[in-house]
1. Tell me the Rg and the Dmax, in Å, that the Cα atoms of region 77-139 produce.
2. Which whole-Hz ³J(HN,Hα) couplings does region 202-214 yield from phi under the Karplus relation 6.51 cos²θ - 1.76 cosθ + 1.60, θ = phi - 60°, glycine and proline marked x?
3. Could you order the peptides 129-140, 41-52, 229-240 from most to least packed, using the average number of other C-beta atoms within 10 Å per residue?
4. For the chain, report the accessible area per residue in Å² (1.4 Å probe, heavy atoms, rounded to an integer).
5. For the chain, what mean projected area does the convex hull of the alpha carbons give, in nm²?
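The values are calculated or read from the model by the stated rules, or taken from the named source; none is laboratory data. Bear in mind that the values here come from a model prediction, so they are computed numbers and not experimental data. Positions of Cβ are backbone-derived with ideal geometry, glycine not excepted, and every protein chain shown enters the neighbour counts. Accessible surface areas use protein heavy atoms only, side chains included; no ligands, DNA or RNA. Shrake-Rupley method; radii C 1.70, N 1.55, O 1.52, S 1.80 Å.
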Amino acid sequence: MADYRQNSMYNTQTGARTDAHLIDEGLRSYMLRVYNYMALGIAFTAVVTLVMLNSPALMQTIAMGPAKWVLFIAILGLGFFAPRLILTGNTMMAHAAFWTYAALWGTLISPMILAFIQGGKPELIFQALAITSATFAATSLFGYTTKKDLSAYGTFFMMATIGLIIAIVVNIFLQSTLFSLITSFAVVLLFSAITAYETQEIKQSYYAGDDQNTATGKAIFGAFILYGSFITLFIHILNILGIMGGDD
């Protein structure tokens, strides 16, 4: 009888360890899928930007002048409706929303990239990309590994983001270099924190029992929000480097 209880306890503990191991393996696979989608989105954005750089007339038509406001509003709108589009269980719609988002960003940032190339400072683009990658990796890793619950900061992050968007739009009319520098530093700090918060939220959204369509939708949505943070960090780090290196 004693032997039976010991064996039962051993089997129960072993089963628990096995379940935990499977969940851990599933979570790692899920997060890797999220990061892979995000990386592909960044690569697609780079391709779209290159296409725009090699099509000056197209860039002038859809990425400069009044048309840039249409792109800006489209990006904000897609970001707002993303959960409704991506988390529906329809993988085709989820993919369409994600790749459209990446294409819109590639189109919108193309004039900025062109300005650095024509200004003789293309190396700043690669420096900004390297700094962004390091910042993103560090903050995302923190969000994945920390035991601290970051969900309480969600409302603050949302309100701070809205405030900074308003400040950035206002500065389009003010054209203040100092104000642009200050807001870019604020954006980098804020979105570094948001990256950690988003990573923890994505991690906690994982559920081993999700069906394939649900799991795919969650992975794409996770990639969508992390991609948005990455590209925002890149733009403002590049802006900081451009302003601080303006006297070189």
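1. Every Cα atom of region 77-139 included, Rg and Dmax give 15.8, 47 Å.
2. Going residue by residue, I get 5, 4, 6, 7, 5, 9, 4, x, 4, 6, 4, 5, 5 Hz, with x marking Gly and Pro.
3. Details: 129-140: 16.6, 41-52: 18.6, 229-240: 22.6.
Listed from highest to lowest mean packing, they are 229-240, 41-52, 129-140.
4. On the way: 13730 Å² over 248 residues.
Heavy-atom accessible area per residue stands at 55 Å².
5. On the way: hull surface 65.1 nm².
For the chain, averaging the hull's shadow over all directions gives 16.3 nm².
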